[in-house]
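K.L.:
Please find one structure pasted underneath; my questions will follow.
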Amino acid sequence: MAITPIPSDTFKLGFVGAGKMAESIARGVVNSGVLPPSRILTAHLSAQRREAFQSFGVSVVDHNHQVVEECDVVIFSVKPQIVKDVVLRLKPKLSEKQLLVSVVAGTKLKDLQEWAGQSRFIRVMPNTPAAVGMAASVISLGGTATEEDGELIERLFGAIGKAWRANEKLFDAVTGLSGSGPAYIFLAIEALADGGVAAGLPRELAKGLAAQTVLGAASMAVNSGKHPAQLKDDVASPGGTTIAGIHELEKGGFRGTLINAVVAAAKRGHELSQN
């Protein structure tokens, strides 16, 4: 049986789950001009969540089944503990003509496909910087999802940052690096700011300099085409201040600690997805 292509010029995008991640994706898609808000739909009963979506032109209905009935592409963005119930309840309304997408952490494609009764499914692992259009998202195609389906989802998630494709078996490692990674960097920013305060800077200035320094360094790592080690060498002049600071980081096991953090989070992700 041939898979019906999603009509790229007219398809409607629906969100089952109207939380922060759904809002970030919908906003990004509208702001970048990928879709007009008139082609996006979600459902929620709370006034606060309804207003969040309506504020940028997205229609909000009362029930998830209305979203599924009207939309060609449906993104499940609910909490992991309720995703099974939600998908099972909507199963009678789902069809192979639709492309289903999950951004639910730790929930495998094989389970999603089984609950939905169909395998035209794509799993995406975005991260919280989606809220500012700077997500790192990884995409994995399920059973009968087509190459065109994959490209369509890459386009949607490209509206909130950068998207890569990878085999689903790498998703625990992805969780450990980009999923949990923003928190490691927030910790680093806080510590850098504390260092600034310890060295005599006013708190607000220290905080601003720390965050902007991390942003600038990340931007150079992304855009310069140079290896991070080369960029580090470029800053560290002989017998200077930078190498003295780097020496302290090396003594503290900075690199090993970050490596351990990613591995520990990936291992925990694997344990959670087994349950």
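K.L.:
State which residue is least open to solvent (accessible area, probe 1.4 Å) when the search covers only region 123-153 and only residues that are among the hydroxyl-bearing types (Ser, Thr, Tyr) and part of a loop (DSSP other than H, G, I, E, B).
P.N.:
Thr146
K.L.:
To continue, here is another question. In this structure, is Lys232 part of a loop (DSSP other than H, G, I, E, B) and either surrounded by 10 or more Cβ atoms within 10 Å (Cβ to Cβ) or of a type outside the set (Asp, Glu) (or both)?
P.N.:
no
K.L.:
Hey, another quick one. Which of (1) outside any loop (DSSP other than H, G, I, E, B); (2) buried (at least 16 other Cβ atoms within 10 Å of the Cβ); (3) of a type in the set (A, V, I, L, M) is the odd one out, the single condition Leu201 does not satisfy?
P.N.:
Leu201 satisfies every listed condition except (1).
K.L.:
Which residue pairs have Cβ atoms under 8 Å apart, sit 6 or more places apart or on different chains, and have a first residue in region 168-197 that is among the small types (Gly, Ala, Ser) and a second that is assigned to a loop (DSSP other than H, G, I, E, B) and buried (at least 16 other Cβ atoms within 10 Å of the Cβ)?
P.N.:
Ser178/Asn127; Gly179/Ala105; Gly179/Asn127; Gly181/Asn127
K.L.:
Which one of these does Arg89 not meet: (1) open to solvent by 10 Å² or more (accessible area, probe 1.4 Å); (2) in contact with a helix residue (DSSP H, G or I) (Cβ under 8 Å, 6 or more places away or on another chain); (3) part of a loop (DSSP other than H, G, I, E, B)?
P.N.:
Just one mismatch for Arg89, condition (3).
K.L.:
What's the number of the condition Ala261 fails, among (1) at pLDDT 95 or above; (2) touching a Gly at 6+ places or on another chain (Cβ under 7 Å)?
P.N.:
(2)
K.L.:
Same structure, new question: Do we have any residue at all in region 55-75 that's in contact with a Phe, Trp or Tyr (Cβ under 7 Å, 6 or more places away or on another chain) and within 30 Å of Ala265 (Cα to Cα)?
P.N.:
Looking through region 55-75, at least one residue is in contact with a Phe, Trp or Tyr (Cβ under 7 Å, 6 or more places away or on another chain) and within 30 Å of Ala265 (Cα to Cα).
K.L.:
With open to solvent by 40 Å² or more (accessible area, probe 1.4 Å), at pLDDT 95 or above and within 20 Å of Met21 (Cα to Cα) as the only criterion, which of Lys162, Lys169, Lys207 stands out?
P.N.:
Sole residue among the options that is open to solvent by 40 Å² or more (accessible area, probe 1.4 Å), at pLDDT 95 or above and within 20 Å of Met21 (Cα to Cα): Lys162.
K.L.:
Could you grab me the full set of residues in region 250-275 that are open to solvent by 80 Å² or more (accessible area, probe 1.4 Å), closer than 21 Å to Val214 by Cβ and not acidic (Asp, Glu)?
P.N.:
Across region 250-275, the qualifying residues are Phe254, Arg255, Thr257, Ile259, Asn260.
K.L.:
Looking only at region 59-85, how many residues end up being hydrophobic (A, V, I, L, M, F, W, C), surrounded by 14 or more Cβ atoms within 10 Å (Cβ to Cβ) and under 21 Å from the mean Cα position of the chain (by Cα)?
P.N.:
Result for region 59-85: 6.
K.L.:
Among (1) free of Cβ contacts under 8 Å to residues at least 12 places away in the same chain; (2) touching a helix residue (DSSP H, G or I) at 6+ places or on another chain (Cβ under 8 Å); (3) polar (S, T, N, Q), where does Ser59 come up short?
P.N.:
(1)
K.L.:
Quickly run through region 154-173 and pick out the residues that are among the hydrophobic types (A, V, I, L, M, F, W, C), closer than 28 Å to Glu271 by Cβ and part of a helix (DSSP H, G or I).
P.N.:
Phe157, Leu170, Phe171, Ala173
The values are calculated or read from the model by the stated rules, or taken from the named source; none is laboratory data. Predicted, not measured: the structure shown is a model, and the values here were computed from it. No Cβ is skipped: glycine too gets one built from the backbone with ideal geometry, and neighbour counts run over all protein chains shown. Remember, those area values only see protein heavy atoms, side chains included, never the ligands or the DNA or RNA. Shrake-Rupley method; radii C 1.70, N 1.55, O 1.52, S 1.80 Å.
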